[in-house]
Structure formats: C-alpha cells, structure tokens
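A.B. asks: Take a look at the following structure, please.
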Amino acid sequence: MEDPQLHKIAISGPTLASMIQRFSSSLGDVDGFLFGHVTQITPSNLSDDSSSSDSDSQLVATITGFFCSGQNLSFYDSLGRVNSLRVPSPNNHQHHNLIGWFSGRRQSPLRPSLREFSVTNSLSKTPQFRFSVKTSSQSPTNQTLAPSVFILFTTPLTDQLIHTHQYRAYQLHASNKLSSSASSPSFHAKSLDVVNIGPAFRGHYDSFSPNCALPLLNCDTRNSCSAMNVESLTAQREKISDQKQLDSCAEGFLVETLSLLMGPEASSYTGAVEDLYEKMLAKIDILARLVETSSDKVLELENHNRKLRYKVARSSGLE
C-alpha cells in the first residue's frame, strides 16, 4: 500500500534558524536527520456526505527537532545506500519519530541530486523506521508512514554582499502516471510552514517537550526530613567540591540554592536566579580588579628596572 501525500510540512522558526546556523557555521557540506510527527487533521466542513470525511483529511508533518552530523556522507555511501546502523533508533526518541533527513550544499542549485534521491528512497524502504500517524488529539492511528521528508539547503551560486540561504522541502512519494504502469517514486515539493509565536500557534509550543543532552547536576534535592540525617563522609566531600566549583563562578552562592533552580518549580525562584547573576558579576568584577592591580604592579616594576638600568649605564659611563 502506498503512503499518502503530505499536505504541508510545519517547522518552528527557532528550529529552522538553528538548522541554517549549523549549516552556515560548518566547514563544508552537511547532512542530518529530521525528527517530529505526522498528524491527521480533518478540516471542518458543513458537508452531509460522510463518505468524503476520509478523503478530506490532511496529513501535516511537524518537525520538532533535528540532528546535524557536521559533515557529508555521515550515514550513507557515495551511491546513496543507507547504513541502518548509523541511523538513530526510534527507541531512543520516544517523543520524536524519524520523519526524514536534510542536506546542506554550498553554491549549488536548489534541486535534489540523484544521490539525495537514492538516500531518501533507501531510507523510506527500511521497515524499522516506519512510524504511526497521530490524530489531532495526539493519539496514534492504524496508519503508518515511512521517513520520506527531505529538506535541501543551499547558498547562491555566486558570492553576494548579503549572505542568504535557500531551502525547499520535498516528500518522496510513489505516483502512477499511467494506470497500467507500476508506481515509481519521485520527489514532490511541499510547502514549508514556518510556525511563529502567536495565539494561533500556541498549541505547537504547549505540546513541545524539550530534550537536553546535558548531564544532570549533582544538587542537594533532599527534603527537610532527610536533611536531618547524618551525611556520609563521601557526600560531604562531594558537597565541598561542588561548592568550590560554584564559588569559582559565583562566590557566596550555595549549592542548596542551586537545586531550587531546577525542576518544575524553578519559575517561582526568579529572585535566586538574579542573585546568582549578581554574584557571578561580582566575581568577574573582583577578577578584573585583581588583573588591574597586577598590571599596575608589573608596570611599576618595569619602571623601577628601567631606572636601575639607567643608573648602572650612567655609572659605568663615568668610570
């Protein structure tokens, strides 16, 4: 059974800007993966014909994240054959499905190459990467799709005074040009809807679940009852070490207070954040004053040595 066509592809403005920034800051051509979900949206109409409800439903692919390899040919060879071992497993991304990939090329036309077509075709034919389509209420359906979305980034063929980037979204879809012919896959250009901040797009941001690759900080998150227990020697040493590291950035800010800035209740501790920034600025000011004082002492020693050399040279000249 052929996969249905997408009505459009949606992406948030910060995500698109981050992808362009990674492409522009790289040393050469890049590629990467696109993560997100496909939602089945049924437009509201006043038709009494119930048979047309399925055909009127639209599929919208929403890109919620990406991974940039920083290079070219990161998960495929020169012939466009995908190495499935280098493709991230869907189990590692519970909230994000692999819906496609992207490529960034400098000073090249804004049209997919044969290699990019082969990569997309090979990626869409891998059964393990298929994912379920969701409804408007984010509940899964019986319909599945293959990762067939492809976004191409390019720069102008000639150098310009204004640095610009061009991009275009595609979906690899099998189409029957003749009724008797077999379906042949081809790229279909899709509109890329950049989601902006506003009341109409608030649902996209409310359903966003951020993923952070940074490790968890070792903060003191004990409650008042467990805090009365005697700490072990190892815990005390770790606490002292963490406090020393924190003092190097913000002297006087306690590790216990830092734990209040993490978790769902962090929004109610804005005063602690301001206190942290003030102590960090105070630490920077102290370091700047130390550098200024040491520079004055070095200049004073240089002047003193210059005077001594002048006296020695003058006394040797008189002899």
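The values are calculated or read from the model by the stated rules, or taken from the named source; none is laboratory data. The structure presented is a predicted model; accordingly, all values stated were derived computationally and were not measured. Backbone-built Cβ (ideal geometry, glycine too); neighbour counts: all protein chains shown.
A.B. asks: In segment 156-174, what residues are in contact with a His (Cβ under 8 Å, 6 or more places away or on another chain) and at pLDDT below 90?
C.D. replies: His173
A.B. asks: Restricting attention to segment 114-122, does a residue exist that is more than 25 Å from the chain's Cα centre (by Cα), charged (D, E, K, R) and at pLDDT 90 or above?
C.D. replies: yes
A.B. asks: Something else now. Among the listed residues Gln128, Gln138, identify the single one that is at pLDDT below 95 and in a helix (DSSP H, G or I).
C.D. replies: Gln128
A.B. asks: Would you check which residues across segment 255-297 are modelled with pLDDT under 70 and in contact with a Phe, Trp or Tyr (Cβ under 8 Å, 6 or more places away or on another chain) and list them?
C.D. replies: Within segment 255-297, Leu260, Leu261 meet the criteria.
A.B. asks: Still on this structure, please answer the following. Assigned to a strand (DSSP E or B) and either at pLDDT below 95 or buried (at least 18 other Cβ atoms within 10 Å of the Cβ) (or both): is that true of Gly80 in this structure?
C.D. replies: No; evaluated as a whole, the condition is false for this residue.
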